[in-house]
Each structure stands twice: as C-alpha cells, then as structure tokens.
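Okay, structure first, notes after.
Coordinate-derived values only; no laboratory data. All figures in this text were calculated on a predicted structure; none of them were measured in a lab. Cβ atoms come from the backbone with ideal geometry, glycine included; neighbour counts cover every protein chain shown.
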Amino acid sequence: MTEKNYIPGEHPDLPPPSNLIGPVAWIRDNLLSSPANIIMTILSVWFLYIVIPPTLNWFFLDAAFTGEDRNACRAVADGACWAFIGERFKLFTYGFYPEEHRWRVNLSFILLIAALIPVLFDKAPFRSLGLKFAMAFPFIAGWLLVGGLGLQPVPTSQFGGFMLTLVIGITGIVFSLPIGILLALGRQSNLPIIKVFCVSFIEFIRGVPLITLLFVASTMLSYFLPPGTNFDLLLRVLIMVVLFSSGYMAEVIRGGLQAIPSGQIEAADSMGLKYWQSMRLIVLPQALKISIPGIVNTFIGLYKDTTLVIIIGLLDPLGIGRASLSDTKWTGLSTEVYIFVAIFFFISCFGMSRYSLYLENKLETGHKR
Amino acid sequence: MTENAQSTQATASGDNYAVIIRDMHKWYGEFHVLKNINLNVTKGEKIVVCGPSGSGKSTMIRCINALEEHQQGDIIVDGTELTNDLKNIDAVRSEVGMVFQHFNLFPHLTVLENCTLAPIWVRKTPRAEAETLGMEYLERVKIPDQANKFPGQLSGGQQQRVAIARSLCMRPRIMLFDEPTSALDPEMIKEVLDVMIELASEGITMLCVTHEMGFAKTVADRVIFMDGGEIIEENNPDEFFDNPQHDRTKLFLSQILEH
Ligand SMILES: Nc1ncnc2c1ncn2[C@@H]1O[C@H](COP(=O)(O)OP(=O)(O)O)[C@@H](O)[C@H]1O
Ligand SMILES: [Mg+2]
C-alpha cells in the first residue's frame, strides 16, 4: 500500500480501515476474538437452543388460554394453563375490592398515570399545572380508594392484588424520598439533637428486618394505643414501610451529599444564599443526581418488599395466588401463578430501572471532575 | 444607589474603610492559625496578599465574609461588624464577592444560571432583569457566547471568568480573590488577570491572594506578606518587591522568583 504524502499540518481526516467497522468486524471482535471466546460463543448458542424453544412452547404454542378447569386445560395442551390466570385476573388486580366500586380503582390508576407524566418528563405539556396535580394525587387517590366524603367507604381489608402492591409501593416511594432527604440532611446537621435523632433512627431501621416492623405494626402497636381506637392495619403497614424505606433512602442520599465538594456550599454561602436555599438549589440537585442509581435501587427493593405483607395477612398478588392455588378445580398450577406475578413485578421494576438510566443521561452536563 | 444604606450602617470606626480587622485571632481547635491580625482597607483600595503555603492567607480572607469564624478581635466589613448574628453575616456576604481557586461554579446550572442565581434568590431580582444583568457581566468578562453552556464544557480560564462574573452580578463593593489563577494552565492565566486588572480600574475594593507579581505591581496599592499566621510586612508594591525589609520576606521572594 502506498502512503500518500501530505504537507505537514494538512493531513485530512480519513475514514477508518474497513476491517475496523461493519458486522463482520463486530462478530470477529465480540464473538470470536480468542479461543476462549469462541468456546463461550458456541456454548451460549447451544444454551439458547436448549432453552428458548421449550420456553416458547410452554408459554405460547403449547398453552391453553381458555377452559373450565385444569383438566380442560390439560385436555387441549401440555403447556401453561393461562385459563386459570384469566379466570382469576380480576382477583389478582383488585383483591376483594367490591365489584361495584372498582371503577374507583381504575380511575385512580388513570390519574396515577396522569400524575406520573409531568413528574417523569420535564417536557410534558402544562408541566407546572401537572406537578401541582401530582402533589395532590396521593390524597385524591386515597379518597377514591378508601371512600368517605360522599363516596361509599371501602374497608382497607378488602384491598388486595396488584392494586395493593401499587398502593403500598407508591406510598412508600412518594413519602420515603422527602423523609429520606430530611434524615440525610439532619444526619449532617451541626445541631446535636437533630443529628442524634437522625442517626439513631437510621441505625435502628437498618438494624431491624422489615418483617419485624410489619409484625409490630400488625400486633404490638395496639398495645400502645388507647383501647378502643381503631387504627387501620393498612395505614399502620404503610407507616412502617415508609419509615423503613426512609432509613435506607437517607443513607443513599447521604452518600450523594458527601460527594458534593465543600466548595459548592462555600460558593453558595459567599453569595449570601441561606441554608435551605443552598440545599435546594445547589446541593440537593447534584447529590440526588449522583444518587439516582441508589435511589431507584431502594425504590425497587421497597416495591418488591411489599410482598412481605402476606405474612401479616394482607392479600398482595402472592397472597391471592396462594389462596387461588388451594382451589381444587385448579390444583397444581403454581408455576403459572408465580410466573404471572413475577412478570408483573418485572415489568414495574424494569420500567423503573430504564427510567433511571434515561434520567441519568438527561442530567449529564459534561462535568466529570 | 446603595450609598445611603451604607452610610446609615456606618459605625464610629469611620466611613472610609471597606474592611477593618482589629486584633483578630483564629484557632482551628488547638492550632492558632491567625495571630493578632490588624488590617484596614480603605474603600477602593487594591490589596495583594502573599506568603508561603499554609501561612493563613486563605483563612484570613475567608474570615472577611465569615466563611470562617474568628474567635477574638473585630472584623468590620463595610460598616457592619461580623458577630454571630446571622443577619449581619448575610448582609456582609451579599456585599462581598468571592472568587475561589477552584472556581466552585455550580456544574448543574448553565453559565447564565450560575450568574443569575444569587440576584434572583438573594436580591429577589425578577428573572428577566437578572438575565440582562448576567449577560452584561458575561460580556464584561468576554464570554457572552458561552452563556448557555454548562461549566464542565468550558476551559479553566473561561470558568474562572464566569466565576468572576457570577460574583459581580451581586454588584459587590468588595471582591475577595483566593489564588484565582493558581489552578490554571499558564496560557489561561493572562485572560483571567486581564479581567481582574480591568475590574481594578473601576474603583471596587479588592483583596487578592496571589503570587502573580506582575499583577501585584500593576494594580496593588499595598502588598501584604503573611507567614505563620501573622502579617509580617506590608508595603507598596515597588518597595515590597525591590526592598523587602524582613528576612522571611526576602526568602519568600527569592523562592517565588526562582521559577
Ligand atoms: N479546616 C481546617 N481545619 C484545621 N486546620 C486548617 C483548616 N483549614 C486550614 N487549616 C490549616 O491552617 C493553616 C492555614 O491555612 P490556609 O489559610 O489555607 O493557608 P494558605 O491559604 O496561606 O495556604 C494551614 O496550616 C492549614 O493546614
Ligand atoms: Mg490558600
């Protein structure tokens, strides 16, 4: 090959050699770059070949989507018996929420989506109005679901299924973030009383399993309350879940706060910003941004931990699933139930995870120092 | 405009002084960092502070806007005495601008937002007006075209000029500089010093920690040499550099002249 001569300083940008780009190069570099890599590639292909066709068969090709009971399913197909899930779908979604009031659950869900859009996407139309609505949403939804003030009350013991998961998960997420922020700031406070309170709270929460707190909520709390008071069980559970995740949230955010150089606060101080102004405008936006992966991780953990309420007798999707399994018409279909519940959780959690990546990219302002 | 406010705040210590530091001491725990500092800065005066690393230059200058607390003596800034009273501290801070060695720009805000933040939140200036003000000062430091970039996308020299503009947006009467050029690559030092020289010609009071002798000779009315937490020597720049009195000053000058 002949190298063309350029005058020094006038060498143009040339395209890279063709063996560096293109699908063939990609396959060579990523799949076949070394003997070990070739073996790994072959093993992976073989593994996929073993796993994918039977999975597809079980899920779709060989599955029964309608049928009266398990035997009807088995009569038509050997794979999954989705007819079972179909029959119980409403139960999985609403728990024992009374049929005639289920529109309130649906409406709450639609409002939830309407509230999420302005929170999640800063280019949403009418965002400032939307954010105000989002602030009001938890209270509107609470009223719709529980009733009162003109709506027929529905006891929270009838809540269940995915709706219960969403109620606990979203309440936990919505309240644990601000409380966690306050705890994290308090932990760094110069005022000893505030600091000691926050540190003890966080350490207590982190030292105790959530299940213990849920048991406390379901049984012990009534000892401390004046006799005759009826303190709703779901409310007690919500409080415990919020406190629990706030403790974790505080530690995640503290990590972010510590990553902010002291020069940022000094600059804010030197311009005359007050403590809360510099926290809100300077420190927290940066600290929260760094903490996004940890925050979302805590959210996901909290969301999945909602299944623990089964232990104190609340009927989350797993609880509903277990109850359904004892129906003699449908015995032996636990795989379907657990996979179905798993898919629901996976979709929610994967969504949160993707959103956090999107947010991290969006907030990137080119400073890596 | 703010002249009236200033004269009503003035104390018996005299209206001519921008900063009065009297018998001031400071400790970090057991460590006596600043010992008996006395310094009067008249309005419009340019002061350059130099001295070896660890001599307490930063600490002294940071006491002036209460980023550091002093334990003994008085500091009176623009007629307001720095006490534990937060009101006084806030009043002083909004009149005193500070530029740091490492710029300390807010990386999550654009250049213009960095400039408008304090006017909007501290001075309660309407946003549009604050933006006009911000652009005006960005023009003064010659980077209006970078207004919508983030600090992380600028060179060090540009960042430091933004930091200067950001301070100026509060229309301070006193500017503190803590080694503003020592984190910069050599080719960027000049662009920052040029901005500072121009600023000096406009009658603002300046206290500047720097080892840039050329700058000191051009703008300083007085050079102060610190060592071991004390002011060892002060003089006008010509005398200071050509005819240092104290042995420690001579040693220090010979060291910084070596390279
Ligand atoms: N926050 C602090 N706590 C304890 N010692 C400090 C602190 N800040 C500075 N010092 C010490 O005080 C002395 C003076 O520091 P400084 O004012 O930064 O010096 P200079 O700016 O002249 O280099 C140094 O010995 C330094 O180690
Ligand atoms: Mg210093």
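What nm distance separates the two modelled labels at B:Glu81 and B:Asp238, each placed 7 Å from Cα along Cα→Cβ?
Computed distance between label sites B:Glu81 and B:Asp238 equals 4.0 nm.
Mind checking which aspartates and glutamates have their Cα closer than 13 Å to the Cα of A:Lys304? Skip sequence neighbours fewer than 8 apart in that chain.
Straight-line reach from A:Lys304, under 13 Å: A:Asp316.
Can you bin region A:132-177 into rounded, prolate or oblate? Criterion: square roots of the alpha carbon gyration tensor eigenvalues sorted a ≥ b ≥ c, rounded for a/c under 1.5, prolate for a/b above b/c, oblate for the rest.
Numbers: a/c = 2.75, a/b = 1.19, b/c = 2.31.
Oblate shape, in that a/c is at least 1.5 and b/c is the bigger or equal ratio.
Which order results if A:Val208, B:Val192 are arranged by neighbouring Cβ count within 10 Å, fewest first?
On the way: A:Val208 13, B:Val192 25.
Going from least to most buried by this count: A:Val208, B:Val192.
Where nothing but the Cβ of Lys and Arg (+1) and of Asp and Glu (-1) is charged, how large is the charge dipole of region A:22-83 around its Cα centre, in debye to the nearest 20?
Numbers: 3 positive and 5 negative charges, 40 e Å.
So the dipole magnitude of region A:22-83 works out to roughly 200 debye.
At 222 nm, what helix-only mean residue ellipticity would chain A give, in deg cm²/dmol to the nearest 500, using -39500 (n - 2.57) for each DSSP H run of four or more?
Taken over chain A, the calculation gives -21500 deg cm²/dmol.
Could you work out the mean count of beta carbons from other protein chains within 10 Å of each residue's beta carbon in B:99-110? Present the calculation step by step, with values, prior to reporting the outcome.
On the way: counts 2, 4, 1, 4, 2, 10, 4, 10, 12, 9, 5, 1.
Rounded to a whole number, the mean comes out at 5.
Using a 10 Å cut-off on Cβ to Cβ distances, tally the other chain neighbours for every residue of B:113-125 and report the average as a whole number. Numbers along the way, then the final one.
Values: counts 1, 2, 0, 0, 8, 8, 1, 1, 9, 6, 2, 0, 0.
What the average comes to for B:113-125 is 3.
Only four residue types carry charge here, +1 at the Cβ of Lys and Arg and -1 at the Cβ of Asp and Glu. Report the dipole size of chain B about the Cα centre in Debye, rounded to the nearest 20. Write down the numbers at each step before the final one.
Details: 24 positive and 38 negative charges, 119 e Å.
Dipole size: approximately 580 debye.
Using Cα positions and a limit of under 23 Å, work out the lysines in reach of A:Lys329, with same-chain residues fewer than 8 apart set aside.
A:Lys90
Would you mind working out the magnitude of the charge dipole of chain A relative to its Cα centre, with +1 at each Lys and Arg C-beta and -1 at each Asp and Glu C-beta, to the nearest 20 Debye? Intermediate results must be reported in sequence, preceding the final value.
Details: 26 positive and 23 negative charges, 161 e Å.
Charge dipole of chain A: 780 debye, to the nearest 20.
Of B:Thr80, B:Ser155, B:Ala118, which is farthest towards the positive pole of chain B's charge dipole, taken about the Cα centre with +1 and -1 on the beta-carbons of Lys, Arg and Asp, Glu respectively?
Result: B:Ala118.
So between A:Ile347 and A:Leu225, what do we pick up on full extension, going 0.36 nm a residue minus the alpha carbon distance? Spell out each step's value before the answer.
Details: separation 122, 0.36 × 122 = 43.92 nm, distance 3.95 nm.
Taking 0.36 nm per residue and subtracting the Cα distance, the gain is 40.0 nm.
Just subtract the alpha-carbon distance of A:Gln152 and A:Tyr355 from 0.36 nm times their residue separation and send over the number in nm, one decimal. Could the numbers behind the result be given before it?
On the way: separation 203, 0.36 × 203 = 73.08 nm, distance 3.68 nm.
Gain on extension, A:Gln152 to A:Tyr355, equals 69.4 nm.
Can you tell me the FRET efficiency between A:Ile110 and A:Thr41 if r is taken as the Cβ-Cβ distance and R0 is 35 Å, rounded to the nearest 0.05? Spell out each step's value before the answer.
Numbers: r = 47 Å, r/R0 = 1.34.
After rounding to 0.05, the efficiency reads 0.15.
What is the calculated FRET efficiency for A:Met135 to B:Lys142, with r their C-beta to C-beta distance and R₀ = 41 Å, to the nearest 0.05? Kindly include the intermediate steps, with their values, before the conclusion.
On the way: r = 44 Å, r/R0 = 1.06.
Step by step, r from the Cβ atoms, then E = 0.40.
Kindly point out, ordered by number, any Cys in chain A whose beta-carbon has no other cysteine beta-carbon under 4.7 Å away.
A:Cys198, A:Cys349
Compare the peptides B:133-146, A:28-41 by average per-residue count of other Cβ atoms within 10 angstrom and give them in order, highest first.
For the peptides B:133-146, A:28-41, the packing ranking is B:133-146, A:28-41.
Taking beta carbons within 10 Å but only from partner chains, what does the mean come to for residues A:260-267?
Details: counts 1, 3, 1, 6, 5, 2, 8, 15.
Per residue, the average neighbour count from other chains is 5.
Which one, A:Leu145, A:Ala342, A:Tyr6, projects farthest toward the positive side of the charge dipole computed for chain A from Cβ point charges (K/R +1, D/E -1)?
A:Leu145
Apply the membrane-span-like helix rule to chain A: whole DSSP H runs, Cα extent along the own long axis of at least 15 Å, mean Kyte-Doolittle hydropathy at least 1.6. List the helices found. Mind dumping the intermediate values first?
Numbers: long enough: A:35-56 (31 Å, 1.64); A:82-94 (18 Å, 0.25); A:102-120 (27 Å, 1.66); A:127-146 (28 Å, 1.35); A:161-187 (37 Å, 1.95); A:192-207 (22 Å, 1.41); A:233-258 (38 Å, 1.42); A:284-305 (28 Å, 0.60); A:334-363 (43 Å, 0.88).
Helices meeting the criterion: A:35-56, A:102-120, A:161-187.
Using only DSSP helix segments of four residues or longer, with each worth -39500 (n - 2.57), what per-residue ellipticity at 222 nm results for chain B after dividing by its residue count and rounding to 500?
On the way: 10 runs with 102 residues, N = 259.
Result for chain B: -11500 deg cm²/dmol, rounded to the nearest 500.
Aspartates and glutamates near A:Lys195 by alpha-carbon distance under 17 Å, same-chain residues fewer than 8 away left out - which ones?
Within reach: A:Glu203, A:Glu251.
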